[in-house]
Amino acid sequence: MGGKDDYLVNVMIDMGLLSNEQVSKYGAEAEASGLGLIEYLLSKNAIRSSDVTYARASYFGAEVVNLSELKISDDVLASVPRHVAKRYKVVPVYKHDNKIGIALSDPSDLSTLDALRYILNYEIEPKVASEEDIESALNKYYGTSEDDVSKMIQNITEGDVMLAPETKSVTDDDGSTVESDAPIIRLVNSLIVEAFKSRASDIHLEPLSKTFRVRYRIDGVLHEVKSPPKRLQLAIISRLKIMSNMSIAEKRIPQDGRIQTQVVGKMIDLRVSCIPTSHGESIVMRILDKEGLRLGLGELGFFTDDQQQFERLISLPDGILLVTGPTGSGKTTTLYSCLNYINRPDRKIITVEDPVEYTLSGINQVHVNETVGLTFAAALRSILRQAPNIIMIGEIRDLETASIAINASLTGHLVFSTLHTNDAPSAITRLIDIGVKPFLVASSTRAIMAQRLVRKVCRRCATPYVPTDYEIKTLNIDPQSAQNSTFMKGKGCGDCSKTGYRGRFGIFEIFVIDDEVRKLIYEKVSSSVLRQRAREMGMRTLREDGTRKVLAGLTTPEEVIRATVADID
């Protein structure tokens, strides 16, 4: 029995990818098995899949594309609906005027090309990619088949999720009954279970004009998954609002809520935010895994020298220690790790947070509630009468909060807090900008640490690779160091969902305030002068710390460059 790819035998022989000896050796075996020769050779690993791909492309005069190296825009992806891409196993790679480039594994499949011309109403320019590349790209851009809504409903197992409160009859504000039956409940539960199993930190449910998009943020990167039908949008949002104790009748203003749930035997919290948009309400759920929180300083990503320095700083008796960085850079986790490290029975620790993300044993935690007047500043005034040794403030937002925190540090308290600045020295000028006197900043501040999160190379599929000249130059890596180091990059496997990364850790910039720096603060110098002084003291920048971790094979140059794009030193 011949195979559909047997026309490739002569092509591959001419290209030197297949020998006459292999044809003679495996020909009879292939015929006996009922497979085509090419298919049989692939099953025996006698030829490579990539060679077959190049042979097909050569025979039809088509270009081979490496989908893993392409960055396909949303506009191009939108040209081919998900169900079409999945059905015909194709991936759009570019679009120009009335032409669209389509990657498929078999350019001889004329029926598929004709169907795509009819469905898409474009002139099709076929490109060739391996079946593995296409499958991986389909999962990356369109979501995996396991995420199909019907499968999620069918596969949800009793006991995986226990959610409260119970379902109740829901009526929309126009008087219509909202769909709230068992399939919707199972679907919502499945979205949460799948996100947790995928190690997602957030679930984004976004109403668009014609679709209801669902995305999971995994290791800091958003991944789109199979979305529910648009008609279920109202029912899903209403179900989530009920679960998080929001008003389903109110759709004009933002709302916040919380869901406590047990997923596959673990207790997690979901912090829920709902805002109105032009196409309906958008919901984002932050997943807080109480049991999965790792609070050791070693787990944050410190190298030994930085960890020893940081442990010394957080063991000081008084003063302010600030952690800076943008939203989502791991500041809160770092503060919790600090508190966990210094939490002892002879110390009283109080935190003021908005909101309290994780409950820590042995620590008094205050939840800010501005609607009843319990602001950061009001809470701080009260907790100072509780005679704490250590205070943690979730964020310094204004002059009043900063002034109370500084006064507390000057009266014998150790204060931890966060600021939103790009680097460590900028925190000094930020405090002065909001109105704190320079001499108070200089007297109270002990150290400032800026941080970012970068993705770890997946240990299961990590392989050595040679960095580009651009990467070496951008990270300012010494050629000798580059030669003596092994750079690692993940190929992509089941453990890391084909991304090459699994988990994240921090890169750090620790700025210790000494007498010379205090004099500069008195003089109200710019952050660039403070940064220059910090470098003279031996402070490593974020990019330099990231480079050390690249050379150790823990992450990739691409990750460090992305996370430290503002670091020009």
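The values are calculated or read from the model by the stated rules, or taken from the named source; none is laboratory data. Computed from a predicted structure; not experimentally measured. Reconstructed Cβ throughout: ideal geometry from the backbone, glycine too, with neighbour counts over all protein chains shown. For the accessible areas, the whole protein counts, side chains as well, though only heavy atoms, and no ligand, DNA or RNA atoms are used. Shrake-Rupley method; radii C 1.70, N 1.55, O 1.52, S 1.80 Å.
Quick notes
- Ordering L116, V517, Y40 by Cα displacement along the dipole of the chain toward the positive end leaves V517 in first place; charges were set at the Cβ atoms of Lys, Arg (+1) and Asp, Glu (-1).
- Sorting the segments 533-542, 388-397 by their residues' average number of neighbouring beta-carbon atoms within 10 angstrom, most packed first, yields 388-397, 533-542.
- Taking 4.7 Å between beta carbons as the limit, the unpaired Cys residues of the chain are C274, C338.
- Cα gyration tensor category, rounded, prolate or oblate, for region 215-369 with a/c compared to 1.5: prolate
- On a per residue basis, region 203-353 carries 42 Å² of accessible surface, using protein heavy atoms and a 1.4 Å probe.
- Solvent-free Debye scattering, log10 I(q)/I(0), computed from the Cα coordinates of the chain at q = 0.12, 0.13 Å⁻¹: -1.27, -1.37
- On the chain, 48 percent of the accessible area sits on carbon and sulfur atoms, based on a 1.4 Å probe.
- For the chain, the longest principal axis of the alpha carbon atoms and the long axis of helix 331-342 meet at an angle near 60°.
- Accessible area expressed per residue, region 431-569, with surrounding protein chains retained (probe 1.4 Å, Å²): 48 Å²
- Less than 5 angstrom separates the built amide H of F505 from those of V454, K456, all sequence-distant by 5 or more or on a different chain.
- What the phi angles of region 243-257 give under the Karplus curve with 6.51, -1.76 and 1.60, with θ = phi - 60°, is a coupling list of 4, 9, 6, 9, 7, 7, 7, 8, 10, 9, 10, x, 9, 10, x Hz, glycine and proline written as x.
- The angle between the Cα long axis of helix 304-314 and the longest principal axis of the Cα atoms of the chain comes to about 30 degrees, rounded to the nearest 10.
- Phi angles across region 221-228 convert, under the Karplus curve 6.51 cos²θ - 1.76 cosθ + 1.60 with θ = phi - 60°, into 3J(HN,Hα) values of 10, 7, 10, 7, 10, 4, 8, x Hz, Gly and Pro given as x.
- For region 59-119, the per residue solvent-accessible surface stands at 57 Å², with DNA, RNA and ligands left out and a 1.4 Å probe.
- When the Cα gyration tensor is reduced to axis lengths a ≥ b ≥ c, the ratio a/c stays below 1.5 for region 335-426, which is therefore classed as rounded.
- Residue-by-residue Karplus 3J(HN,Hα) for region 12-18, coefficients 6.51, -1.76, 1.60, Hz, glycine and proline x: 6, 5, 5, 7, x, 8, 8
- Put simply, when 90-97, 54-61, 20-27 are sorted by average Cβ atoms within 10 angstrom per residue, most first, you get 90-97, 54-61, 20-27.
- For L374, residues with placed amide H under 5 Å, excluding near neighbours: N369
- Kirkwood-type radius of region 320-379, with distances r between different C-alpha atoms, in Å: 12.8 Å
- Compared with the alpha-carbon gap, the fully stretched path from S50 to V221 is longer by 58.7 nm at 0.36 nm per residue.
- For E63, the residues whose modelled amide H falls within less than 5 Å of its own, excluding neighbours fewer than 5 places apart on the same chain, are V128.
- Rounded tilt (10° steps) of 182-197 against the dominant C-alpha axis of the chain: 80 degrees
- Protection proxy ranking of 247-253, 273-279 - average other beta-carbon atoms within 10 Å, highest first: 273-279, 247-253
- Values of log10 I(q)/I(0), in the order q = 0.13, 0.17, 0.22, 0.27 Å⁻¹, for region 419-467 under a Debye, Cα-only, solvent-free model: -0.49, -0.61, -0.82, -1.05
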